[in-house]
1. Return a whole-number percent for the relative contact order of region A:168-293, with Cα pairs under 8 Å and 6 or more residues apart as the contact set.
2. Need the C-alpha centroid separation for region C:51-114 versus region A:1-69, integer Å.
3. Explain nothing, just compute: Karplus ³J(HN,Hα) = 6.51 cos²θ - 1.76 cosθ + 1.60, θ = phi - 60°, for every residue of region A:251-263 in order, whole Hz, x for Gly and Pro.
4. Cα gyration tensor of region D:81-214, axes a ≥ b ≥ c as square roots of the eigenvalues: rounded (a/c below 1.5), prolate (a/b > b/c) or oblate?
5. I need to check one value: relative contact order of chain B, counting alpha carbon pairs closer than 8 Å and at least 6 residues apart, in percent.
6. I need the inter-copy label distances for A:Pro26: point set 7 Å along Cα to C-beta, values in nm with one decimal, smallest first.
7. Residue of C with Cβ nearest the axis relating C to D, plus distance in whole Å?
8. For a bin width of 5 Å, list the pair-distance distribution of region C:145-255 built from all Cα-Cα distances, rounded to whole %.
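Derivation of every value follows stated rules applied to the coordinates shown; laboratory data play no part. Please read these numbers as outputs of a predicted model, since none were measured by experiment. For neighbour counting, all protein chains shown are included, and Cβ atoms are generated from backbone atoms with ideal geometry for every residue, glycine included.
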Protein chains: 4
Amino acid sequence: MRQQIGILGSTGMVGQRFIQLLENHPWFEVAWLAASDRSSGRTYGEAVRWKLDTPLPARIAGLPVSPATPEGAPKIIFAALDADIARELEPKFAAAGCAVISNSSAFRMQQDVPLVIPEVNAEHLTLVENQSWRRESGGYIVTNPNCSAIGLVLALKPIVERFGIDAIFVSTMQAVSGAGYPGVPSMDILGNVVPYIKNEEEKMQEETLKLLGRLNGCLVEPLGAKMSAHCNRVAVEDGHTESVSIKLSRRATRDEMLAAWAQFTPLAGRDLPTAPAQPVEFIPAEDRPQPRLDRMRGAGMAATVGRLRPCGLLDWKFTVLSHNTIRGAAGAALLNAELLVSLGKLDPVAVPA
Amino acid sequence: MRQQIGILGSTGMVGQRFIQLLENHPWFEVAWLAASDRSSGRTYGEAVRWKLDTPLPARIAGLPVSPATPEGAPKIIFAALDADIARELEPKFAAAGCAVISNSSAFRMQQDVPLVIPEVNAEHLTLVENQSWRRESGGYIVTNPNCSAIGLVLALKPIVERFGIDAIFVSTMQAVSGAGYPGVPSMDILGNVVPYIKNEEEKMQEETLKLLGRLNGCLVEPLGAKMSAHCNRVAVEDGHTESVSIKLSRRATRDEMLAAWAQFTPLAGRDLPTAPAQPVEFIPAEDRPQPRLDRMRGAGMAATVGRLRPCGLLDWKFTVLSHNTIRGAAGAALLNAELLVSLGKLDPVAVPA
Amino acid sequence: MRQQIGILGSTGMVGQRFIQLLENHPWFEVAWLAASDRSSGRTYGEAVRWKLDTPLPARIAGLPVSPATPEGAPKIIFAALDADIARELEPKFAAAGCAVISNSSAFRMQQDVPLVIPEVNAEHLTLVENQSWRRESGGYIVTNPNCSAIGLVLALKPIVERFGIDAIFVSTMQAVSGAGYPGVPSMDILGNVVPYIKNEEEKMQEETLKLLGRLNGCLVEPLGAKMSAHCNRVAVEDGHTESVSIKLSRRATRDEMLAAWAQFTPLAGRDLPTAPAQPVEFIPAEDRPQPRLDRMRGAGMAATVGRLRPCGLLDWKFTVLSHNTIRGAAGAALLNAELLVSLGKLDPVAVPA
Amino acid sequence: MRQQIGILGSTGMVGQRFIQLLENHPWFEVAWLAASDRSSGRTYGEAVRWKLDTPLPARIAGLPVSPATPEGAPKIIFAALDADIARELEPKFAAAGCAVISNSSAFRMQQDVPLVIPEVNAEHLTLVENQSWRRESGGYIVTNPNCSAIGLVLALKPIVERFGIDAIFVSTMQAVSGAGYPGVPSMDILGNVVPYIKNEEEKMQEETLKLLGRLNGCLVEPLGAKMSAHCNRVAVEDGHTESVSIKLSRRATRDEMLAAWAQFTPLAGRDLPTAPAQPVEFIPAEDRPQPRLDRMRGAGMAATVGRLRPCGLLDWKFTVLSHNTIRGAAGAALLNAELLVSLGKLDPVAVPA
């Protein structure tokens, strides 16, 4: 029998992706949908402006929109809230004993909140045991990173493991769906580039270093690399493309770099439904990856890498791409939940002995 | 009386910009237009597929398209040819005594060919005196840089002068007009990014260092900085946007950086018609420059700079934008020609004593 | 000396166009800017998010934003308000003795309010004399049509005059700037078409027939043609393109159609600064007009027409294009004001004897 | 066992779609790929520039590219050739005994060549028996319509059946993929509309009337309706959107129109793998269909219809959308082939007794 889950912020772009990705999921079933007060009392089909290119499932359309309070909510909650609202609501659900699998930035950098990509730092999940909610009610908060960090970190992780990384330079070209709906006005992006996304460079930098950091007792020591991010918005619907240069701690040849990516299969054997077989796919064609052509690799969960070549300033440079609302948001949270199931931390959500 | 000029490669995108910019020019008059053999014999109006948003001037439409040979051509030639064709044709015109003001990459890196941005390295023009064509017929070749290098170099020049630069990182988001017509297929760029432009990174790197280099006798010593460029194509019609990080030789405060740009008016007093009053404009708004809004500053000849902020890896980072077919191509060549007039090197083109 | 004018709704997209078009206007000077209450008290430069590709003039940036009340406002007001707000505010200004030159739809179809395109139905302006505001304070309201109607009506007027029109079919492809800012979300229009614009088809149909109608005493009898409009939004920044088929009352040859457009110069001799020399320009190339290439003809005030060919259903079909925020909004109102000056109706605005 | 099929023109955009749609097809297996001479001798993976967002299947990548001659080709050929080449090659394959399922325009209007949409006019397939190739070798040519006609005709067919249609007006907004690759230059379509597609209006008009025509012995009598098409290109990757007005022979209410579409399931019971359950889907939302959101309904094989409302000129107007390279090209041919299998005309391809 599938476990019932709820979605906070279910009518937004990421909420819609949750519904799309959970349709026919073997382990989870959408049972409860919450949204802002003005949606409450309506059916989901009435409340949502569905913007995905697969139809809204009929069963979901008929579900009522519940108020965003823990009463009556399932014990597993996917949260797709703006940071301000997440800061207020997510602790209430954790305190009520829910496992809150959050896509929000609100608690990502909090010391006892794991910021996790399953292929990268699954061991950070033990941080939840330090959360007061966990001790008191069994509930907790687990987060996934910003959509701009996740593809980058997937590409860097196997390199860090084998060769170490001392410096990271990244310049992004991010899709408009990352800003939600209505999000970026068309007047701002048609035939244009906006070289600014509020708080994005800061988040990308600090999250990347925490994700690649080492767990030391109840602390994560961030990776000791220097990093600089430039974040830009471009006229792409889905898929963040990033130009990356890195300085390694130890020399690596091109073949060693490619082998590191090809052999990176840390979830092999776990059989997580949403995990891609190859989390980092290298594409040898000289002009790839491209968002329109490559974002759906691994059902939108793979990071694709290309154009590996020497860097005149650091050691290597390359391009990385990942789907920002699948791997970079809803899919990331879903994979976190699958990992938690696999680790027994969702079965059932209970106060630890 | 205006000097007569000719245009090689007059039907292409850059050729069209030459015609647009030369309409009503106070010093030059378009008198001769050449294009590929299949256009020859027709009028320009018949041969061209005019793609600019100002009408093709009626006088120009009626001019015949001449074969691309020096016979009958004026002594001042603007050349907008593909590199392969330029390599063959430009020397013929120089040997015939023409001043060839070239936008092509063919001879930019040749030791005795000046690669010039008037605000940056006007003194490099003396290299023409080393050219054998110059000695034998009075003719010569002068080049302007690649469209991706020119905005960057304008922004860097005042910084190099005051503080020195040791390292340059740049990631570009380049407009489709840079690839000419038909150029980039729409299937490749709608809703997409192409993280590759053939030879562009190499050109951008070597040209930048030559432009910022020091003339030492008959040689240009390139700037001794490390540099790395990532070049990307985005769905923008005109205007190249670039994310830049730099390491200075000597520390500079934010105010000193801004002052360097604000006070950079090296052509003041020369009264060149196409020179912008302020070659580098800093825009304080946090989300600028943007190609759609800022590419036409200084009538398309200014580089606009914004988002100056500390870099976690080097010293400073910022965004620079310039119009790729005006400042980055036809306007660049035109300003070179105006500078040559101002220096007496076009008046008349003659064998030096 | 230039007459002082004020702008209601000055911070929106059309308000910005008013400022752009009025910069250096020979007859009018921007002296007063109003916007919503939250902008009031700030300078215009602080209150506006300037979205045009020419810089905000420094003098304008320094003007204070006034509250939207007639006290202290000039007697000539350009109004760029949403319909709901216009319905409330415009009568207050008219009652206070202002000539309100309105771009809003609020009063366009009111019987005693002229809906005018100067080249088309200047004689309708006499309707203002029927307005109670006019009799009591000298003030009045004059309107220009919806951005989708204006290019169509310019193209149809010379045909109606010479051959009569019995039926009109039009299908539009409208630019996003017509929806203001933030307007159309980028998620809705990138790589997409939206086949719906709220109330647009109704407005386009009724306004077209009123504009082409005959003044009969104090009434406008709308043109007695059948009409059907399909309105679509496409990924274009500026410029509405329309596919049109018409049935004539009397047969006309292709040459007669072209002559009707070519000879249509109803404002010749009036010397209105914003009037294009050729209000309807026919472009013979088989793939024109196109918004990117043709919207700026006549400084954005010309309607361009192309692809005239027989229609399998009605008589003739063709494509018409016009700039939706210049000819279709701010420029339309400005030309109305110039016509009113030329007719003595703004000089000074006074209670008629 | 699956029947082996070949693809002529396999490296183009439609050829690629054939490969994508045939991957895992229950009845057909790609066994032979032909392309232009310069591709011959290479593997398909080397010869193709794969432009779809699903990976090129590895087995297909390894197939050799064969020369475009019938020797060694399977007896079932999907042809995705330009019209000029089709006119030369398709008859050779038919004469050699192949069933040529063609997407080209070359023979669509030829009297003895069926132009077929399985849901619309399956009975026209008997025309193949009139082909000389059929009599001599068993081979024949069957065609599917232009991508702009197919969605329209699907939407019109149930209306014609129930109420008759006397007049059709249609204005299209067509995706760039319809022009193949490289196809439409990005300079022509970014931020733009091109109101012209060569020969498209003629094809759309004559094919629509033939498809809706009645088979009378060995002739198709085209539908006796008047028709006018305006064809435009817009900045959409996939999916043609069309504004349609129609005049009915007999009055129909809105509910009757909706019922005609809802009950249109002419292939029910045939179990064709590529046939959508609902060939015409009506979407009640006021702003649909939209290409980005609706083109993949029915796995890209459904026509979606929306905005049904009275027309001021004819009787009803609405918007129709269909995927131009799936339902409009490769999927159309594939469904034709499935229908031929279902009718026994491909099993095996043999000279009729």
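1. Working: 152 pairs, mean separation 43.2, N = 126.
About 34 percent, as a whole number.
2. 44 Å
3. Values per residue, Gly and Pro as x: 4, 9, 7, 4, 5, 5, 4, 4, 5, 4, 5, 5, 8 Hz.
4. In terms of gyration-tensor shape, oblate.
5. Over chain B, the number comes to 18 percent.
6. Those label-point separations list as 2.3, 7.7, 7.9 nm.
7. Reported as residue, whole Å: C:Ser171, 2.
8. Spelled out bin by bin, region C:145-255 gives 2, 11, 22, 21, 15, 12, 9, 5, 2, 0 percent.
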